[in-house]
Amino acid sequence: MSDYEALQIFNRQRVNIDMIHFLSELTTSIIKKVKVREGICSSKIPALTKFISTLVNNSRVGTSILMSTTIYLNRLKKILPDNIIGMETTRHRLFLGCLIIAAKTLNDNSPMNKHWSKHSNYLLSNDEINTVERELLVYLKWNVIFTTKELILCLKERFLVPIRLQMYKDIQTISLMNSSVCYSKPKTHMKTDIYHHQQYKKSHSNSMDSISSIVSKDSVDSCSSNASSVFSSNDKQNILTSHSQSQIYITKSPSKGPILRHIL
């Protein structure tokens, strides 16, 4: 199985918690430090994992669009400095901005920014989302197009390799099952053939015994009765004596009726 086939299988899967955790970890690796400002109640800000889950549930976004955000997150990871310090909602803004760009790039009928504000449970206002989108597009230099190869590289280690290994195991299991079935069938046929052959041999032997007993008795009686009507007592004695030493054939003469012909 190729990586492209594994990607197709992956895109048909439903969004699960493993995907959400992966996106949360990737976003956190970009903004490693967060500074809490005074007067901000951090308890009202949901954890990044919960925030992504809320977006997925409210927007009904599919796997292909959701996981395409990894393209832009990885690009931003190379652009932004490692020592960047964000505020409480910086990670949330970063992920939501990448999700909006992915949705608008891959789907012509994507939600508007005011809808994304609603999907985020109004953690970010419409104006804030507009600002985040413009800033990310500037960082990306408006390069939002990506290739399948680039997406495979982003998802290969975490998702595509396990799919390929599982498919390989399934193929091996099916091959073993088919081979075991193929090897078991000849044994069954062999036993059946031996049984039928034995039954045929037994019935054939019985029929031959019965036929030989009938033929031997009837043929001798018939030969004796026919011989008595044609030959004298001395001739009959000679014929019966030579019967055990020769093969007897009965032929029919056109003028004289049945005649015994024997070959010494």
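Here, each number is a calculation from the coordinates, and none is a lab measurement. Keep in mind the model is a prediction, meaning the values are calculated, not measured. Note that we place each Cβ from the backbone using ideal geometry, even for glycine, and neighbour counts take in every protein chain shown.
For a quick protection proxy, order the peptides 72-79, 90-97, 108-115 by their average other-Cβ count within 10 Å, most packed first.
On the way: 72-79: 16.8, 90-97: 23.5, 108-115: 13.6.
Packing order, densest peptide first, comes out as 90-97, 72-79, 108-115.
How high is the FRET efficiency between Lys169 and Lys32 when r is their beta carbon distance and R₀ equals 35 Å, given to the nearest 0.05? All intermediate terms of the calculation are to be shown ahead of the outcome.
Values: r = 37 Å, r/R0 = 1.07.
FRET efficiency, Lys169 to Lys32: 0.40.
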